[in-house]
Amino acid sequence: MRRKQMSLYKKILTIGFVIVALASCGTKKEEEKIELRTVRHKTIELKSPAQSLSFTGDIKSTFEPEVSFRVPGNIEKMNFKLGQPVKKGEVLATLDKIDYEIQLRKAESSYETARASQIEAQSSYNRIKELYQNDSVSKSEFDSAKARMDSTAASLKVADEGVKYAKRQLKYTQLKSPIDGTVAVKVSEVNENVAAGQSVYILNTDADLQAITFVPESAIGQIKIGSQVNIYAGALEKTYLGKVVRVATSSLQYGATYPVKVAILDADKSLKSGMSVVVDFNKDEVSEKNKIFIPLNVILKGADTNYVFIVEKAGEGIGIVRKIEVKTGMVTNKGLEILDGLSEGDELITAGMTKLEDGQQVKLK
């Protein structure tokens, strides 16, 4: 009897140990359970694109000459300020003339010396020629006189060209306006040493005005040569009609934007070069088809692609993450256009995207 009691006691004790062990194991598993990351999401809907594309720009003249001296020197006077009107032929600036006046005097002195030599050689030739005709001098003496006359005549011609050159150089110390226009940029200053051909002023004219705007790479594909545009000049509170005449194919010196030139079809005298404008590419030039637009901040950059995360619902408040490669279009006031990769009804993850992986289980909020 006692043995039976001991056996029963051992069985009860063993069962107790098993229960405690199982309970301990369950607790451990619960402790090891990973807490799911919480993400926010929104359902993708098709939207009508923006009715127009608008970009800021400036009015420029199609002709903006950079004017410069044809000779080097130190600037003595700058006669016009930024924004001042100028007339064709007016003196814009002058160089210090002293060195060029000295060169002219030297050239004139050389000319006078050459002229005196030529006169004396001519007189000598005439005298010897007469003597030669009377057989009073030898042919060699005659030939020598003729050679000297020819040589001095050539020297006189060179000296004459030297005077003309020195006069031109002196004349070039005055910089004259080639057009009727306005000073757009004052490049140099008084007492500055400038090289020949170095820009001193940039002028412009209000004839043949155009608008220049810079379009981001996300929208440049929408801009076509020949497209009609509206050009709004805020300073005048007036809108002008324009037409796209040039779309740059490279953005090398403009960062991520492309310069677009627009001819102004109905410009008037109130529109001036340098004015700020807004160029509005009309809605007729932009597709009206409904599209998918997403916030810019949800786009993630891969090695060669852009991608987003969507979530597929896998139960109450639970979802599975999917990494989706997308092709992007232009940026509008509605967001970033998605050309490929997403569909209407997809659940786009909009917050909590960091450190997500394809196939990861998440908690939905």
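The values are calculated or read from the model by the stated rules, or taken from the named source; none is laboratory data. Small disclaimer: the values here were computed from a predicted structure and weren't measured. Here Cβ is always computed from backbone atoms with ideal geometry, including for glycine, and neighbour counts include all displayed protein chains.
Checked against the criterion of being in a helix (DSSP H, G or I) and either of a type in the set (Val, Ile, Thr) or at positive phi (or both), the candidates THR94, THR56, THR113 yield just one match: THR113.
Selection of region 72-91 for residues being part of a loop (DSSP other than H, G, I, E, B) and crowded, with 18+ Cβ neighbours inside 10 Å yields only PHE80.
Against the conditions (1) part of a helix (DSSP H, G or I); (2) under 30 Å from ARG70 (Cα atoms), GLY221 satisfies every one except (2). Report yes if some residue within region 120-127 is aliphatic (A, V, I, L, M), part of a helix (DSSP H, G or I), out of contact with any Leu (no Cβ under 7 Å at 6 or more places or on another chain) and within 30 Å of ALA145 (Cα to Cα); otherwise report no. For region 120-127, residues aliphatic (A, V, I, L, M), part of a helix (DSSP H, G or I), out of contact with any Leu (no Cβ under 7 Å at 6 or more places or on another chain) and within 30 Å of ALA145 (Cα to Cα): present. Screening the candidates SER188, SER218, SER199 for the property of being closer than 27 Å to SER276 by Cα and touching a Leu at 6+ places or on another chain (Cβ under 8 Å) yields one hit, SER218.
Determine whether LEU156 is surrounded by 15 or more Cβ atoms within 10 Å (Cβ to Cβ) and not small (Gly, Ala, Ser). The answer is yes for LEU156.
Restricting attention to region 123-168, the residues being within 30 Å of GLN103 (Cβ to Cβ) and of a type in the set (D, E, K, R) number 8. Kindly indicate whether any position in region 293-302 is assigned to a loop (DSSP other than H, G, I, E, B) and among the hydrophobic types (A, V, I, L, M, F, W, C). The answer is yes, given that some residue of region 293-302 is assigned to a loop (DSSP other than H, G, I, E, B) and among the hydrophobic types (A, V, I, L, M, F, W, C). Looking at this structure, is THR249 exposed (fewer than 15 other Cβ atoms within 10 Å of the Cβ) and at negative phi? Taking the combined requirement at face value, the residue satisfies it.
Among the residues of region 177-218, those that are β-branched (Val, Ile, Thr), within 18 Å of LYS77 (Cα to Cα) and in a loop (DSSP other than H, G, I, E, B) comprise VAL187, VAL190. Number of residues in region 203-233 that are among the β-branched types (Val, Ile, Thr) and either surrounded by fewer than 17 Cβ atoms within 10 Å (Cβ to Cβ) or at pLDDT below 90 (or both) equals 6. Pairs are defined by a Cβ separation below 7 Å, a sequence spacing of at least 6 or placement on different chains, a first member in region 293-311 that is in contact (Cβ under 8 Å) with a residue 12 or more places away in the chain and closer than 13 Å to LEU342 by Cα, and a second member that is surrounded by 18 or more Cβ atoms within 10 Å (Cβ to Cβ) and of a type in the set (Asp, Glu); the pairs so defined are PHE293/GLU337; ILE310/ASP346; ILE310/GLU347; VAL311/GLU347.
The criterion of being out of contact with any helix residue (DSSP H, G or I) (no Cβ under 6 Å at 6 or more places or on another chain), at pLDDT below 95 and either of a type in the set (S, T, N, Q) or surrounded by 15 or more Cβ atoms within 10 Å (Cβ to Cβ) (or both) does not hold for SER177.
Of all residues in region 188-198, how many are out of contact with any Pro (no Cβ under 7 Å at 6 or more places or on another chain) and either under 29 Å from PHE281 (Cβ atoms) or exposed (fewer than 15 other Cβ atoms within 10 Å of the Cβ) (or both)? Residues that pass the stated criteria total 7.
The sole residue among ILE349, ILE294, ILE299, ILE338 that is within 25 Å of SER218 (Cβ to Cβ), touching a His at 6+ places or on another chain (Cβ under 6 Å) and at pLDDT 80 or above is ILE349.
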